[in-house]
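Only one structure is covered here, and it is reproduced in the block below.
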Amino acid sequence: MHSAVPRPATFQHSGPLRGTIKVPGDKSVSHRAIMLSALAVGESRISGLLEGEDVLATAAAMRAMGAKIERTGEGSWTVHGVGVGGLMQPSATLDMGNSGTSTRLLMGLVSSHRISATFIGDASLSRRPMGRVIDPLSLMGAEFTASPGGTLPLMVRGLVPAIPIQYRLPVASAQVKSAVLLAGLNAPGITEVIEPIPTRDHSERMLRGFGANLSVELAKDGVRHIHLMGEAELRPQNIEVPGDPSSAAFPIVAALITPGSEVTVTHVGMNPTRNGIYKMLEAMGASLSYSNEREVGGEPVADITARHSILHGIEVPPEVAPSMIDEFPILFVAASVAQGRTTTSGLDELRVKESDRLALMASGLHAIGSVVTETEDGLLIDGSGGEPLEGGAAIKSALDHRIAMSFAVAGQHCYKGVIVDDVTPIATSFPSFESMLMMLKGVEGSSISSDDFAHS
Ligand SMILES: O=C(O)C1=C[C@@H](OP(=O)(O)O)[C@@H](O)[C@H](O)C1
Ligand SMILES: C=C(OP(=O)(O)O)C(=O)O
């Protein structure tokens, strides 16, 4: 897990950002690739895996439950699965670090195996609500002993045979959907998840790719019904993980707000359940172009070119939220330098991520001179109209990688730069973020720390 020693860094404005980069593999797809490979019978090969701390926590947990997982090269991994139903009793607690996805999806897997597991995590993860997965998994027969408020540390005891259920998601969450489906893999009969608001569908795509009997029916009212036949036998696969659209959003917004910039990010996942940020940036006037559109590992991908653009404020429709749920922090940065007001609502979920992202973005943007109003479920931002913000403030990243990266990008548009008090959380999802930013800025020696370039 990431070092307990905080590392501050200063991010200054620069000349144009230029270049072509590839961002690391998609975090959601990487977690699922490890988990499903570990449940297949035989050897799967994964390329382009995100080697960030969150995914490494998933890999360590699957190893502790019997899968053989090896790194064979940069981003290249082989996994010998144990078969659905074959997970073994872990001998120690499972440390999930900072990762909500690892925790919730693995709680699902353990729930339908004859094993028990204790999950622990860092201070941020230990505050996040697990009741949303405890509820359906209890209906499937698993037993839980959780900390007050349904938080970590918690213990799960699985049941075999688990009870297949029909479950309507009370919250738009791909993690809850996936936890139920993964538990359903080893339950006799059909597990059905009813999804009133669509969320990222990587689990559905990949389960089908591994040979599970899964169907999705779109009812007349637009509600998705996902059926999975349990006691599945998964066949090993070769999986290529697309680049993470959530990570790509940071260099893309940096290019959009920095005069003279042109940046291309290749091989970016363009799954329609994930690309809301790009749609909203375009609605704000962003110059984005897409090329080399193709399919990789069952997911659409494209190369995206972003050119500096005059952005204007918009009203973000709340129904777009699930398709860009992790991108609001960086959207707020774009909004803070746009012309006019950007309005967001329906974002209660942002309060239970790695941090309360509404509160932290509001206070941080205010501290660097942006005009922000925090509401119960969103932010209203009156942009600077392209003028740089004052900057100069020290921002708390609060164990939240996306807060750290958002303010690193905001530093690009501040007279006095931005100090991020701790950039170590960035390693959970985008370990090469700082060197990538320096490369685009044209700063020599991409391994020097951002403290160094701040004074160069
Ligand atoms: O299923 C996933 O891989 C994820 C789902 C989302 O969480 P919720 O399910 O809590 O919305 C997202 O915020 C997270 O980064 C990854
Ligand atoms: C919310 C996130 O991840 P997780 O829930 O897996 O911690 C994220 O990556 O922004």
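FYI, it's all coordinate maths here, none of it is from the lab. All values reported here derive from a predicted model rather than from experimental measurement. All Cβ positions, even for glycine, are placed from backbone atoms using ideal geometry, and neighbour counts span all protein chains on display.
Taking 0.36 nm per residue of sequence separation and removing the Cα-Cα distance, the ASN213/LYS22 pair yields an extension gain of 65.4 nm.
The gain in end-to-end length when the ILE120 to LYS220 segment is fully stretched comes to 31.8 nm, 0.36 nm per residue minus the alpha carbon separation.
With viscosity 1.306 mPa s and temperature 10 °C, the Kirkwood radius over alpha carbon pairs of the stretch 178-273 converts through Stokes-Einstein to a diffusion coefficient of 100 µm²/s. For the stretch 1-148, the Cβ-based charge dipole about the Cα centre amounts to some 220 debye (Lys, Arg positive; Asp, Glu negative; other atoms uncharged). Across all directions, the average projected area of the convex hull around the alpha carbons of the stretch 27-234 is 10.1 nm². Rounded to the nearest 20 debye, the dipole size of the chain about its Cα centre is 680 debye, using +1 on the Cβ of Lys and Arg and -1 on the Cβ of Asp and Glu. Ranking MET96, PRO322, PRO245 by how far each Cα lies toward the positive end of the dipole of the chain (charges on Cβ) leaves MET96 at the top. The label point for LYS279 and the one for ARG157, both projected 7 Å from the Cα toward the Cβ, are 4.6 nm apart.
Specify the angular offset, from 0 to 90 degrees and rounded to the nearest 10, of the alpha carbon long axis of helix 357-367 from the longest principal axis of the alpha carbons in the chain. Taking the Cα atoms of the chain, the angle to 357-367 is about 10 degrees.
With respect to the chain, whose longest principal axis is taken over its alpha-carbon atoms, helix 401-410 is tilted by about 20°.
For the stretch 27-234, the dipole from Cβ point charges (+1 on Lys and Arg, -1 on Asp and Glu) about the Cα centre works out to 160 debye, to the nearest 20. Among beta bridges identified by DSSP and lying wholly in the stretch 335-414, the antiparallel ones come to about 90 percent. The slack between ALA394 and LEU139, meaning 0.36 nm per residue of separation minus the straight C-alpha distance, is 87.2 nm. Size descriptor for the chain, Kirkwood hydrodynamic radius: 22.2 Å (Cα pairs only, one decimal). Relative to the longest principal axis of the Cα atoms of the chain, the long axis of helix 100-111 makes an angle of roughly 0 degrees. Using the alpha carbons alone, the radius of gyration of the stretch 35-92 stands to its Kirkwood radius in an Rg to Rh ratio of 0.96.
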